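Just so it is clear, none of the values below were taken in a lab; they were calculated from the coordinates. Note that the structure is a prediction, hence the values are computed from the model and not measured. Note: ideal-geometry Cβ built from the backbone for every residue, glycine included; neighbour counts use all protein chains shown.
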Amino acid sequence: MECRRSQRSVRVLDVFHWAVMLLSLTQSGALGARKFRGGRNPQPRRALPSAHYRDRAETTESFSLDFTAVEENMDNFMTQVKNLAQSLYPCSAQKLDYDMKLHFLENTSVTCNDGTPAGYYLKESKGSRRWLIFLEGGWYCFNKENCNSRYETMRRLMSSSSWPQTKTGTGILSSLPEENPHWWNANMVFIPYCSSDVWSGATPKTDQNDYAFMGSLIIKEVVKDLLTKGLDNAKILLLAGSSAGGTGVLLNVDPVSELLEELGHANIQVRGLSDSGWFLDNKQYRCTDCVDPINCAPTEVIKRGIKYWGGVVPERCRQAYEGKEWNCFFGYKVYPTIKRPVFIVQWLFDEAQLTVDNIHLTGQPVQEGQWRYIQNLGTELRNTLKDVPAMFAPACLSHEFITRNYWTDVQVKGTSLPRALHCWDRSLQENSRNNKSPPKGCPVHLIDSCPWPHCNPTCPTIRDQSTGQEMNVIQFLMHMGFDVQKMAHQQGMDPSKLLGMLSSGS
């Protein structure tokens, strides 16, 4: 007999409820302690998962579980829970509906670039009072010519005409606990990027304007629509985004919080998670004419773009840089003006930053001057991040992170990003209780100190662009023009020792 989705969901929750009871016993009883601690898993320590459940007798706030007693046996424990669920209820083995569903904005005057309706994807999690709103990235355009070109080649980033009806979340948007240990049970919202304005514009499409640029208004309208779908009962709203969406978080986290306060929802705690959106307004490796978004210097793009988009920046930053509001698009300048808590995720060797700086890694070994520039970029980024209290900055060459399938694997100083975000969440809870000391053994300021791209052995896999073959750290660094003799001399060590350290992944 076919099982209905609601039956499957309730039955799986029943089994997880039993799991909660078992965990309570393991944390309070000696028998449980012996059972789980006696058979330690030899794998490295993982991020501590948390789970959120709904009491079926009464709608209650989601709560986190402390899995400390079983953290080193978590894979085995979760497998046993799943096996138990499937043996008790064969229906639960069937695929649950994890997809987010497309909704268009109620306010049809707020649109994508081409005038088609803007919208969002939503997967509700009944009973959870945590909401995650994600801003998609995807570069920008800053004049009629390159916006026309973008419309021809990347239309989905300017129009909703071909958006699918559903979307499956990955990384921090995943509804699977093994992929998303601490946010899997939140209400998930994905806002497609169709405004090409780094989520800053407030200009409608008119006879004089070929395109609408309404990124900042789209976010506000999504928030208003969500208030009728359960956001009004939220405790925490995490505004997250990657690349241009990461910069969009820095520009909009305070305005979103202020909007909710104006609408009578000051009790909702608004926070930001900015991924790969901390760009530098540094000097390019090689200066070129500003004809397209790829080759134009970052400062010149934003100076031109903010006028073309009718861009809006947060009030406190606008006051700090009056007449030069373009400064507010650069993380290290806007961050000190932001009032709400923001966690920064940034690769120290960001591929998008290198691209706008005219370092194009096309498969050919880089020149010595390019190699020095890449190293200096890591140093500059590290310096701008040193005073950011909550951040995760691995020394890897990559771009975007929090929606990648490897987002649980990369570590900085032995801590993964999901674990660091969980620690940040705990520290904010402690602060709200007037306890200013951070939780012990729970770091939130994590930045690699090693000086080269991919010197962190947990970095994502690099492939040779010409052959498609995976490269180890030594192969990659040699490919990048790494000079072992010179680098060993700079570090004051024997070249053979440096090669040995790289080979061992240390």
Task: For q = 0.19 Å⁻¹, Debye-computed log10 I/I(0) when each Cα of the range 263-398 counts as one equal scatterer - done: -1.20
Task: Per-residue ³J(HN,Hα) for the range 236-249, Karplus 6.51 cos²θ - 1.76 cosθ + 1.60, θ = phi - 60°, Hz, x for Gly and Pro - done: 10, 10, 9, 8, 10, x, 10, 6, 4, x, x, 5, x, 4
Open item on the list: Can you tell me the length gained on complete extension of the stretch Glu315 to Asn107, counting 0.36 nm per residue apart and subtracting the Cα distance?
Closed with: 72.4 nm
- [ ] With a/c under 1.5 counting as rounded, go ahead and sort the range 228-328 into rounded, prolate or oblate using the C-alpha gyration tensor (a ≥ b ≥ c being the square roots of the eigenvalues; past the cut-off, prolate if a/b is larger than b/c, else oblate).
- [x] prolate
- [ ] Give the long-range amide H neighbours of Met391: residues separated by 5 or more places, or on another chain, with amide H under 5 Å away, using H modelled in the peptide plane at 1.01 Å from N.
- [x] Ile344, His445, Leu446
Open item on the list: Net charge around Cys290, counting only other residues with Cβ within less than 12 Å of its Cβ (Lys, Arg = +1; Asp, Glu = -1)?
Closed with: -2
Open item on the list: Please compute the modelled spin-label separation between Gln490 and Gln208, points set 7 Å along Cα→Cβ, answer in nm with one decimal.
Closed with: 5.2 nm
TODO: Compute the relative contact order of the range 96-457 as a whole-number percentage, counting only Cα pairs closer than 8 Å that sit 6 or more residues apart in sequence.
DONE: 16 percent
TODO: Work out the P(r) tail for the range 96-457: percent of alpha carbon pairs separated by more than 27 Å, whole number.
DONE: 45 percent
Task: Net charge over other residues, Cβ less than 12 angstrom from the Cβ of Ser449 (K, R count +1; D, E count -1) - done: +2
Open item on the list: Please give me, ordered by residue number, the trypsin sites (Lys or Arg not before Pro) of the range 334-417 that lie in loop per DSSP and have at most 16 other Cβ atoms within 10 Å.
Closed with: Lys339, Lys386, Lys413
Task: Segment Cys287-Asn267, extension gain: residue separation times 0.36 nm, minus the distance between their alpha carbons - done: 2.4 nm
TODO: Could you calculate the FRET efficiency of Glu258 with Asn143 from 1/(1 + (r/R0)^6), where r is the beta carbon distance between them and R0 is 45 Å, rounded to 0.05?
DONE: 0.90
TODO: Could you list the GluC sites (Glu not before Pro) in the range 103-184 that lie in coil according to DSSP, counting only those with at most 13 other Cβ atoms within 10 Å of their Cβ?
DONE: Glu106
Task: Glu368/Asn431 FRET efficiency (R0 35 Å; Cβ-Cβ; nearest 0.05) - done: 0.15
Open item on the list: To the nearest 20 Debye, how big is the dipole of the range 96-457 about its Cα centre, given +1 on the beta carbon of each Lys and Arg and -1 on that of each Asp and Glu?
Closed with: 880 debye
Open item on the list: Report the Cα centroid-to-centroid distance between the range 186-230 and the range 305-324 in angstrom, as an integer.
Closed with: 18 Å
TODO: Could you go through the range 403-408 in sequence order and give the Karplus-derived ³J(HN,Hα) for each residue, using 6.51 cos²θ - 1.76 cosθ + 1.60 with θ = phi - 60°, rounded to whole Hz, and x for Gly and Pro?
DONE: 9, 7, 6, 9, 5, 8
TODO: Give, in nm to one decimal, the length gained when the segment between Thr168 and Arg155 is fully stretched (0.36 nm per residue of separation minus the Cα-Cα distance).
DONE: 2.6 nm
- [ ] Please turn the phi angles of the range 331-338 into ³J(HN,Hα) values with the Karplus equation 6.51 cos²θ - 1.76 cosθ + 1.60 (θ = phi - 60°), one per residue in order, whole Hz, x for glycine and proline.
- [x] x, 5, 8, 7, 4, x, 8, 7
Task: Across Lys220/Lys440; Lys167/Lys386; Lys303/Lys339; Lys101/Lys413; Lys220/Lys307, pairs whose alpha-carbon gap is larger than 32 Å - done: Lys220/Lys440; Lys167/Lys386; Lys101/Lys413
